[in-house]
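A short write-up of the structure that comes next.
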Amino acid sequence: MQRITQKIIEPRLTKYVNTIKLEEVTPRVTDSSNAPKTYSVEEAVETIGFGRFHIMLFLIMGSTGMVFFGYMIFSIILGLLADRYGRLKILVISFLWGAYFSLLTSFSPSYGWFVFLRCMVGCGVSGHAQGLIIKTEFLPKTCRGYMLPLSQLFWLAGSLLIIGVGSVVNPTLGWRWLVRLASIPGIILVIVFKFVPESARFNVSVGKHQAAMETLTWIAKINRSKMPEGTIDEPAVEKTGSFWDLLDRKYLRTSLQIWVIWLGISFAYYGVILASSELLERNLLCGSGQVALGAGEEPYEGSHSQCYCNMLSSSDYRTMIISTVGEIALNPFNILGINLLGRRWTLGITMATTGIFFLLLNICMSSTGLIGILFCLRALVSANFNTIYIYTAEVYPTVMRAIGMGTSGSLCRIGAMAAPFIAQVLLSASIIGALCLFSAVCFICAISAFTLPIETKGRALQEIR
């Protein structure tokens, strides 16, 4: 009798092309009698689940805690290198670079050297985004909306620590020792990077399937979980991502709107920080835009220097600590919004609310009221950053995820560099003008967020373009 091998024809499949069109994929025929079992990295990550490895990864990555110009230039370059040579290599190099030049900054003999060395620090800091990408690529999709916002706790811990250390060291030993002490954690953390593996998704994209399987097996062992049966079956990409891929018709609108949001969020974030210290340091009179004079002080005239800075008092440091704690105040609501409403609606709502609170600063209020508004603003701008980080890492495929994040980070630093001119220079001349400008930018970002063409909630990370 003639032997007949049973064939199974899989149903017609579809793959994502854009927000409107689904393209049909040719049905694939498999032989059920002897076909080996295979799986994708996405399936492996979902099977392994969340566990002790991810906790260790967040502890290590969450401790990273003229910089913006260096960041802006090198963010794109390091993103390209990370998509080509791996996330981990770039992350380690950037940490070493940043820690080294941060330490050198404390020995600056002049202001010019200080600016140059801080620029070099920014070049190194720009590679730290690879830590976020590694976390994103290892997390199951159901955990990304929860764990990435919670990693903000590490940023908060670092911010509170530097404020506390600064309140003690700055008035006594000076800023040089403050910079030296702040450089120590970055140097120590390089040692623990041996516990951070290269992204399995990156290894698969460049054809290193065995390395990806070894990494995933190691993670499964740490998590006391299991791997799927079989071997990884995903094609390697022929070409890594480039900047021009971000402007491809499929991603053009998404990229442009993301860049607007990144620029605006950074502008608002550093605007809040600088405006907070400016209001405290200059002791601006309520609604007048004039500097309050202490006993025995004379008004500043045009012939005098425009740099009339005062040292922060202990009460000012306490106020900064209170407002900084606000960075996690909205975390529970931010997490709920991200996972229930989706990334776009959550970001749009928090950006619009940020604009409203900037307008509220125009109201004449007591010191307690000011602290309350600043507290809420820090909570809102932090929530904005949480959401856009998640969205950007999820919306681009593996082959262009690092360049997508790097380009966004570069645009982000333009907003950061513009913030001091508004929060310090314009604020001294016109409080209403400065705060209304911050508010208008936030409303523009809110509109851009609401109209983003792709929602990434519950969406698997894309591997290829």
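Each reported figure results from applying straightforward, stated rules to the coordinates on display, with no laboratory input. The structure displayed is predicted, hence computed values, not measured ones. All Cβ positions, glycine included, derive from the backbone under ideal geometry; neighbour counts span all protein chains shown.
In table form, for the structure just shown:
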read-out: Debye log10 I(q)/I(0) for the range 315-465, one point scatterer per Cα, at q = 0.11, 0.16, 0.21 Å⁻¹; value: -0.49, -0.96, -1.42
read-out: Share of Cα-Cα pairs in the range 177-223 lying beyond 11 Å, as whole percent; value: 72 percent
read-out: Amide hydrogen neighbours beyond the local backbone of residue 38, cut-off 5 Å, H modeled; value: 231
read-out: Hydrodynamic radius by Kirkwood, which averages 1/r over all alpha carbon pairs of the range 366-448, in angstrom; value: 14.9 Å
read-out: The range 354-465, dipole about Cα centre (Lys/Arg Cβ +1, Asp/Glu Cβ -1), debye to the nearest 20; value: 120 debye
read-out: Amide hydrogen neighbours beyond the local backbone of residue 199, cut-off 5 Å, H modeled; value: 87, 88
read-out: 29 Å Cα-Cα threshold exceeded, pairs from 141/226; 37/250; 194/250; 250/457; value: 37/250; 194/250
